[in-house]
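Single-structure report; data block below.
The values are calculated or read from the model by the stated rules, or taken from the named source; none is laboratory data. None of these values were measured; they are calculated from a predicted model. Here the Cβ positions follow ideal geometry from the backbone for every residue, glycine too, while neighbour counts run over all protein chains shown. Ligands, DNA and RNA are stripped out before the accessible areas are found, and what is left, the full protein with its side chains, is counted by its heavy atoms. Shrake-Rupley method; radii C 1.70, N 1.55, O 1.52, S 1.80 Å.
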Amino acid sequence: MSCSCTSSSTQTNIQQEVMDKINNHPCYSEGAHQHYARIHVAVAPACNIQCNYCNRKYDCSNESRPGVTSSKLQPIEAVKKVLFIGGEIQQLSVVGIAGPGDALANPKKTFETFKLLQEKAPDLKLCLSTNGLRIADYIDEIVKYNIDHVTVTINTVDETGEIGSQIYPWVHWEHKKVFGKKGAKILLQKQLEGIKMLTDRGILVKANSVLIPGVNDKDLPNVAKKLKELNVFLHNIMPLLSKAEFGTKFGLEGVPSATDQEVMAAQEACGMDMKLMSHCRQCRADAVGLIGEDRSDEFTNESFINLSWEELEGKYDIAARQQKHAVIENWRAALDEANQKIKIEQASKTQLSSSGETKLVAVTTAGEGTVNLHFGNATEFLIYEAGDRAIKFVMHRKVENAYCKGPEDCDGSYPIEEIKNTLKDCDILLTEKIGACPMDELKSINLICDDSFAFKPIEKSVHEAVKKYFFKEDKELG
Ligand code: CLF
Ligand code: SF4
């Protein structure tokens, strides 16, 4: 007979164990992503399937923006890079292998890198991203090297192979290419089998699904249901990014990118079944820094490749890193208190608002949880949905060009049309500072711009702003 005390404390332990795994992982914890950094090491060039949204000249689009290339590294070079950068950027908490091809299509390099990392940087979380075809073959290695976080891209669960065949022209299986529905069915079967093996072993699985309007959009709620059955921790719905110049099949055939509104609709349709990730930035296979920033250009191979292991181990000062992480945790605790827990994950409109009416609020930030970025410098906006009761984080939106290029690159042009298009369904913009000209421009899309929340905690500011403009509390007369 089971004892309820034991089972509830076991339950608490399990939850604590999961919390410990995600607390400082910037992708698995939305709360961590403004405070902790990740690094990707590009040691895995080959791939064993073809996706129609991928051009092999570039990085694996399952975890990256198409059209971006990363320079490849050997395992030793990769580990040297991690030690060097982990010493420089002490917020670094996770190292991932996310391409430029598929991590498990390059098992030797992938596991050699993880093995060395486990020895040299034991405080880092290890993370791997794959299309799922070969998980079953490498499950023992994944467990052996404590790879606690695995991302599997799964775009359809259609057992007929019909949808899959529109996404994957072939998969490489048992030494030959298998085309069409037959290949798609093999991939799905191996993905489901692999995900189950991972979750059965207590590995936290995140599933990525690329939203391809007209191809798999209707199937994504079925994907979410299946992921829930398989105990997947998080579901990340990523928009298809498609342009002819990416040279992908979809791009060349004119299949359009998924819009922000289509992503929001898919999130709405899938969010009943699965915990969703909304803060992914589709980063590159050699990304460095906080999610949303890319500092890879700051660290050339020359800066670390000729350093000895002794020099690198001296630079990668674990005690100093622990101190930095303790400072971050204190700051996060203070922010949580200031934000007064008014953010609810995956809340319904009625949980957010007593009337069911909600507003969208865009925020510019340079990280650390406050409204601390000048409008002119913003190339991305955090989008919140808010009502009088609570708020929720919806997504980030990127723009190609910031409004202001800075004194060195200024050519007198101020690209505002893309920003207006990106924020056209938003009601309020909170920013550290904004000039009169862009504010006037944004008025034309009925966007209220407010810089009075500069340097204040984001979540509390979003809630206060919607109350200020849209949900005014009745004041007693007299
Ligand atoms: Fe990298 Fe992926 Fe690990 Fe994160 S990214 S391997 S889980 S450490 Fe994160 Fe980048 Fe999105 Fe990936 S924001 S693309 S979800
Ligand atoms: Fe490209 Fe990644 Fe698909 Fe392989 S799994 S074809 S690298 S997107």
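Observations on the model:
- The listed residues are D158, D137, D148, and the only one of them that is surrounded by fewer than 24 Cβ atoms within 10 Å (Cβ to Cβ), touching an Asp or Glu at 6+ places or on another chain (Cβ under 9 Å) and among the acidic types (D, E) turns out to be D158.
- Check on V82, within 14 Å of ligand 1 (Cβ to nearest atom) and open to solvent by less than 10 Å² (accessible area, probe 1.4 Å): yes
- Meets criteria (surrounded by fewer than 17 Cβ atoms within 10 Å (Cβ to Cβ) and either farther than 30 Å from K80 by Cβ or outside the structural domain of Q267 (by TED's automatic domain parsing) (or both)) for D317: yes
- Selection from region 39-59 of residues that are open to solvent by 10 Å² or more (accessible area, probe 1.4 Å) and within 10 Å of ligand 1 (Cβ to nearest atom): H40
- Among residues of region 104-118 that are under 21 Å from L312 (Cβ atoms) and not assigned by TED's automatic domain parsing to the domain that holds L133, none has a Cβ under 7 angstrom from a residue that is within 16 Å of ligand 1 (Cβ to nearest atom) and part of a loop (DSSP other than H, G, I, E, B) at a sequence gap of 6+ or on a separate chain.
- A Cβ distance below 8 Å, combined with a sequence gap of six or more or placement on separate chains, defines the contacts here; from region 89-102, residues that are at positive phi and crowded, with 23+ Cβ neighbours inside 10 Å reach residues that are at pLDDT below 90 and among the charged types (D, E, K, R) in the pairs G99/D59; G99/E63.
- Any hit, region 376-391, residues being assigned to a loop (DSSP other than H, G, I, E, B), of a type outside the set (A, V, I, L, M), under 21 Å from the mean Cα position of the chain (by Cα) and modelled with pLDDT under 95: yes
- Long-range neighbours under 6 Å by Cβ, at least six apart or interchain, first residue of a type in the set (K, R) within region 36-63, second part of a loop (DSSP other than H, G, I, E, B) and more than 9 Å from ligand 2 (Cβ to nearest atom): R38/P26
- All positions within region 245-254 that are open to solvent by 30 Å² or more (accessible area, probe 1.4 Å) and at pLDDT 90 or above: K249, L252, E253, G254
- Taking the numbered list (1) under 28 Å from G271 (Cβ atoms); (2) of a type in the set (D, E, K, R); (3) outside any loop (DSSP other than H, G, I, E, B); (4) open to solvent by 70 Å² or more (accessible area, probe 1.4 Å) in turn, D440 passes all entries but (1).
- Residue within region 207-229 that is in a loop (DSSP other than H, G, I, E, B), at pLDDT below 90 and more than 15 Å from ligand 1 (Cβ to nearest atom) present: no
Matching residues to (1) more than 16 Å from ligand 1 (Cβ to nearest atom); (2) under 20 Å from the mean Cα position of the chain (by Cα):
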site: G31; (1), (2): no, yes
site: S71; (1), (2): yes, no
site: I76; (1), (2): yes, no
site: L104; (1), (2): no, no
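- Verdict on L116 being away from ligand 1 (no atom under 16 Å from the Cβ) and in a loop (DSSP other than H, G, I, E, B): no
- Counted residues, region 450-470 - those being more than 19 Å from G369 (Cα to Cα) and not hydroxyl-bearing (S, T, Y): 3
- When region 355-370 is filtered for residues that are touching an Asp or Glu at 6+ places or on another chain (Cβ under 8 Å) and at pLDDT 95 or above, the ones remaining, listed by number, are T358, K359, L360, V361, T364.
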